[in-house]
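Below is one structure, written out as structure tokens, with a few remarks after it.
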Amino acid sequence: MRSIKFILLPILGVLAAIIAFKLAGPFEATLSRPDLGPDDPRALFTYGTRWGDVNRIAFGALVCGPFAVVLTLGRRSPLRVIFAGILGAALGGLVNFVTDSGSDMFGLFLSGKSAEFGSLMAMFAWCALVPLGIALSITVALGVTPERLRRAIYSAKWASIASFCVQIVGGFLGAPDPSSENLLQSQIPVWRLVEIAVGIALGVTILIADEWIRVASIRQLHGRNEFRDWSIDHAVTHIGSAEGCEIPLFGLNGVEPVHAIIVRQATQFQLEARGHTLLNGHPVTTASLQSGDQITIANVVLVFTAQGGFYRPVSTKNPSIPIALQNPNPVFIPQPQAAPYQPVVAPISHPSPSKILVDGHGQRLPLALGRYGVGRENTNPICLYNDFQVAPNHAVIMVSDVGIEVVDLGAPTGTKINGTRISGLVALKLGDTVEFGSTRFTYSQ
């Protein structure tokens, strides 16, 4: 469905323009107004004609309604899809009537100085207001959030540019005869091209924005109806079987009405599980989410992606970490303030533990000879996934027969030994404390 949308929405935009003109066709006679003299500015505008009213309402409704349905299909329950379509059609028809008529009224107001000047300004107003009104109507039908508003403005901007270019080209190629009695009727082909351009531009740019202008998204990787995806646009995103969940998982055994939530704080995302939930294969109650993390609920696998873009599979290798630091069995260490929840720790299996670090919870971490990356990225052997003060790749611990050495990788919050921030490579002595962000370890044997 996701790939089909890139074809379907532009086609729906074209059909909306064509059908709107067909519906307005029986009223073309209202465009011929012999009662208005050639010097009357009203002769240049469709405002006040039945043809203009029908076309404006029909185009707005036929764009916004189907667009809202396609954009919610597979992401919401059938009732919500229907509701979004009805609301989109109603808002689209109303808003497009207001914006299109408003551009005509603006042109008539400026025609007091010059009819040509008023007509030109009305064209600018139309190109700016109509795409923006349609994009905002679709956004309201989907549910207003700051992220969706940002995507709507992006779409409207490019649709405005496309409609303006078609207006200019169409004006040159199909310039009407000012002395014609059917001046307005002669411009219908140009208007049709402009509305088709708006429909195509909105269809393409809305989908581009929906894919790329995201802070984060969730993609269903496995399970029923796989490859659905949702933008994380709310401060709190609910996952579950309840009707109002932003990420609905319907008809699955073991899924609670609100099974889990994702809490957004700026660019940080926190997963809070209410039912049995796995994060990268480990049961969790609360955890910080990183791009590429896999959330498993029942038999559904959801992939979290930060900073927008198309889905990129989780990589088991991180080029920013030396090969020696990569470990297929990372240790997930909680930050101290995460209590009372107890995360599952996947211990590192080594044949002969050499040194031991003890964290703030009293959890003992045996380390054999070798090198260990420390950070929030789940490719690090020591993964402090729930400490927001820890950088993705924060530091390196090197264990030898002599002892333990720590090197900071330039993390913003730094690495501290016994409360003092270090630079370069520093050796630990028995009893020393080492801090990564807000997580503290004590060197023991």
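The values are calculated or read from the model by the stated rules, or taken from the named source; none is laboratory data. Since the model is a prediction, treat every value here as computed from it, not as a measurement. Here Cβ is always computed from backbone atoms with ideal geometry, including for glycine, and neighbour counts include all displayed protein chains. To get the accessible areas, we keep the full protein, side chains included, count just its heavy atoms, and leave off ligands, DNA and RNA. Shrake-Rupley method; radii C 1.70, N 1.55, O 1.52, S 1.80 Å.
Taking region 121-151 as the range and being of a type in the set (Lys, Arg) and buried (at least 24 other Cβ atoms within 10 Å of the Cβ) as the test, only Arg151 passes. In region 92-104, the condition of being under 25 Å from Leu15 (Cβ atoms), assigned to a loop (DSSP other than H, G, I, E, B) and small (Gly, Ala, Ser) is met by no residue.
Does Val258 count as open to solvent by 10 Å² or more (accessible area, probe 1.4 Å), under 20 Å from the mean Cα position of the chain (by Cα), modelled with pLDDT of 85 or more and hydrophobic (A, V, I, L, M, F, W, C)? In short, no. In region 191-240, of all residues being surrounded by fewer than 18 Cβ atoms within 10 Å (Cβ to Cβ) and of a type in the set (Phe, Trp, Tyr), the one that is modelled with the highest pLDDT corresponds to Trp212. Restricting attention to region 365-398, the residues that are of a type in the set (Lys, Arg) and open to solvent by 40 Å² or more (accessible area, probe 1.4 Å) total 1. Leu94 falls short on exactly one of the conditions (1) over 22 Å from Ala61 (Cα atoms); (2) open to solvent by 70 Å² or more (accessible area, probe 1.4 Å), and that condition is (1).
Within region 256-282, the set of residues being more than 17 Å from Ala216 (Cα to Cα) and basic (Lys, Arg) comprises just one member, Arg274. Exactly one condition in (1) open to solvent by less than 40 Å² (accessible area, probe 1.4 Å); (2) in contact (Cβ under 8 Å) with a residue 60 or more places away in the chain; (3) under 16 Å from Leu8 (Cβ atoms) is not met by Gly85; state its number. With (1) open to solvent by less than 40 Å² (accessible area, probe 1.4 Å); (2) in contact (Cβ under 8 Å) with a residue 60 or more places away in the chain; (3) under 16 Å from Leu8 (Cβ atoms) applied to Gly85, the lone miss is (2). State which residue is farthest from Ile134 (Cα to Cα) when the search covers only region 70-81 and only residues that are touching a residue at least 12 places away in the same chain (Cβ under 8 Å) and open to solvent by 50 Å² or more (accessible area, probe 1.4 Å). My answer is Leu79. Out of the residues in region 100-115 that are under 18 Å from Arg50 (Cα atoms) and open to solvent by less than 20 Å² (accessible area, probe 1.4 Å), state the one that is farthest from the chain's Cα centre (by Cα). Among them, the one singled out is Asp104.
Of all residue pairs spaced 6 or more apart or on separate chains, those with beta-carbon atoms under 8 Å, a first member in region 20-47 that is part of a loop (DSSP other than H, G, I, E, B) and a second member that is at pLDDT 90 or above and charged (D, E, K, R) are Phe45/Asp104; Thr46/Asp104; Tyr47/Asp104. Pairs meeting the criteria (first residue in region 116-136 and of a type in the set (Asp, Glu), second residue modelled with pLDDT of 90 or more, beta carbons under 6 Å, at least 6 apart or on different chains) are lacking.
Only residues that are among the aliphatic types (A, V, I, L, M) and touching a Gly at 6+ places or on another chain (Cβ under 9 Å) were counted in region 262-299, giving 2. Scanning region 399-422 for residues being closer than 17 Å to Pro366 by Cβ, open to solvent by less than 80 Å² (accessible area, probe 1.4 Å) and assigned to a loop (DSSP other than H, G, I, E, B) gives a total of 2.
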